[in-house]
Amino acid sequence: MKTKFNITVIPGDGIGPEVTKQAQKALEAVGDVYGYTFLYKEALMGACAIDETGNPLPDETLELCKESDAILFGAIGDPKYDNDPSAKVRPEQGLLKLRKELGLFCNIRPVKAYDTLIKNSPLKEEIISGTDTVIYRELTGGIYFGIKELSDDGKQAFDGCSYSVEEIERMAHLAFKAARSRKKKVTLVDKANVLETSRLWRKTVTELAKEYPDVELDFLFVDNAAMQLILNPKQFDVILTGNLFGDIISDEASVIGGSIGLLASASVGSENALFEPIHGSFPQAKGKDIANPLASVLSAAMLLDHLGLQDGARAIEAAVQKSLELGITTEDINSERSFSTSKVGDFISDYIQNQEDSNLNFQNIHMGQSTII
Ligand SMILES: NC(=O)c1ccc[n+]([C@@H]2O[C@H](COP(=O)([O-])OP(=O)(O)OC[C@H]3O[C@@H](n4cnc5c(N)ncnc54)[C@H](O)[C@@H]3O)[C@@H](O)[C@H]2O)c1
Ligand SMILES: CC(C)[C@H](C(=O)O)[C@@H](O)C(=O)O
Ligand SMILES: [Mg+2]
């Protein structure tokens with residue numbers, strides 16, 4: 001069995017480096033306990049890559065990613081580009097190009113309500129308790145990758161949206177297969193009452209569903225789906241949707257989980273795979289050691305699952321569960337009693353390495369009597 005893995009790490013911008021470091025600490029702890037070796041190579045992407053090379057996705061980064069067993073990515077983005085709509089080179093272009101070049105067409109975003117966090121949620125306990133859904137977001141097509149134009153006088157802009165049957169089918173197969181090992185339901189979220197591309201999604205997915213007679217298929221228009229996610233999230237098992245709708249409803253769905261700082265993701269295709277939190281570079285928190293690292297840590301768990309290292313993945317998830325139970329969390333989870341990004345990362349790695357002892361030590365912390373971490 002393979003025990004050595006090459007991981008390309010792309011910390012990126014803003015809080016990216018801070019949260020990715022905690023995910024690497026978790027991977028190191030898993031390596032120690034279960035006998036795996038992770039060989040990391042760090043690569044530039046985003047605003048930091050533009051600053052250093054003029055290119056948001058340098059060729060070396062792309063090559064490293066292609067050669068590695070998996071990619072761990074933090075976040076990209078910087079206000080200097082967000083606030084300059086006419087910037088010709090943008091950090092986000094790096095991420096979009098990487099997804100496209102590596103063929104990472106399917107982005108998987110699990111959403112669940114953690115029992116220990118439900119009391120903090122702005123949503124009612126009876127509504128979110130027990131929610132366990134996963135968003136299958138198409139990632140390399142749609143309006144993100146259509147023809148873009150700005151008229152010469154700058155007074156008109158155009159973004160084209162296109163989807164092919166092939167792009168829809170490969171996504172739908174993954175969503176139906178996932179549903180088979182879950183609650184056997186796929187909800188296609190689209191805007192088929194208006195958009196031609198959405199009508200192609202409905203037609204194609206309806207046809208393909210015949211191959212999965214054990215899986216229920218239903219449809220929701222995206223505006224209704226946005227509302228249903230808040231009113232009755234338990235109705236969802238696998239949500240299948242296009243690129244833009246998936247982007248929007250997954251940030252919305254993170255409210256159910258308690259914080260966007262908890263939502264991990266995997267982007268997969270035929271060859272490579274990339275693991276990243278769904279959140280962005282949260283520039284306001286850069287360098288402050290306050291960002292929630294758990295989305296990145298849980299992305300590392302998804303990376304381990306992808307590599308077939310299920311023991312390590314479960315160990316990370318158990319450590320995250322414990323940190324939530326003991327309240328060893330950042331300020332987005334509990335502003336009255338919070339721990340720093342790095343302290344949460346220390347707890348996770350310590351718990352993985354030495355569960356019983358950590359349990360005892362951190363019991364004290366829970367009681368507010370110790371400064372062990
Ligand atoms: N995958 C990515 O790299 C990615 C994703 C989304 C946005 N972005 C980029 O990030 C930059 C900022 O975008 P934005 O402000 O719209 O989105 P964002 O996700 O960075 O932050 C939105 C809000 O979510 C919360 N948040 C995000 N991450 C958190 C964390 N780890 N812990 C605690 N709270 C967290 C904060 O309240 C923050 O104000 C932009 O440049 C954008 O393009 C990148
Ligand atoms: C940064 C941006 C291009 C990206 C997207 O829209 O896909 C982000 O919002 C995400 O969710 O990963
Ligand atoms: Mg997004």
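Quick check on region 233-251: of everything there that is more than 14 Å from ligand 3 (Cβ to nearest atom) and open to solvent by less than 10 Å² (accessible area, probe 1.4 Å), which residue is farthest from F145 (Cα to Cα)?
P233
Looking at (1) touching a strand residue (DSSP E or B) at 6+ places or on another chain (Cβ under 9 Å); (2) open to solvent by 10 Å² or more (accessible area, probe 1.4 Å); (3) not assigned by TED's automatic domain parsing to the domain that holds D237, can you tell me which one A157 breaks?
(3)
Report, by residue number, each residue of region 260-297 that is within 24 Å of I128 (Cβ to Cβ), within 15 Å of ligand 3 (Cβ to nearest atom) and outside any helix (DSSP H, G or I).
Listed by number, the residues that qualify are L263, A264, S265, A266, P277, I278, H279, G280, F282.
Filter region 37-90 for residues that are away from ligand 1 (no atom under 16 Å from the Cβ) and among the polar types (S, T, N, Q) and give the result.
Those that are away from ligand 1 (no atom under 16 Å from the Cβ) and among the polar types (S, T, N, Q): T37, T53, N55, S68.
Only one residue in L95, L150, L139, L72 is assigned by TED's automatic domain parsing to the domain that holds G246 and either open to solvent by less than 50 Å² (accessible area, probe 1.4 Å) or under 16 Å from the mean Cα position of the chain (by Cα) (or both), so which one is that?
L139
Name the pairs whose Cβ atoms lie under 7 Å apart, with the first residue in region 264-285 and under 13 Å from G103 (Cα atoms) and touching a residue at least 24 places away in the same chain (Cβ under 8 Å), the second away from ligand 1 (no atom under 15 Å from the Cβ) and part of a loop (DSSP other than H, G, I, E, B), and 6 or more positions between them or separate chains?
Correct list of pairs: G269/G103; G269/F105; S270/G103; E271/G103.
Which condition breaks for S254 when tested against (1) more than 16 Å from ligand 3 (Cβ to nearest atom); (2) touching a residue at least 40 places away in the same chain (Cβ under 8 Å); (3) in a helix (DSSP H, G or I)?
(1)
With F219, F275 as the choices, which residue is touching a strand residue (DSSP E or B) at 6+ places or on another chain (Cβ under 6 Å), assigned by TED's automatic domain parsing to the domain that holds I127 and modelled with pLDDT of 95 or more?
None of the others qualify; the one that does is F219.
The values are calculated or read from the model by the stated rules, or taken from the named source; none is laboratory data. Fair warning: this is a prediction, and the values are worked out from it, not measured in the lab. Backbone-built Cβ (ideal geometry, glycine too); neighbour counts: all protein chains shown. When the accessible area is computed, the model is the full protein with side chains, heavy atoms only, and any ligands, DNA or RNA have been set aside. Shrake-Rupley method; radii C 1.70, N 1.55, O 1.52, S 1.80 Å.
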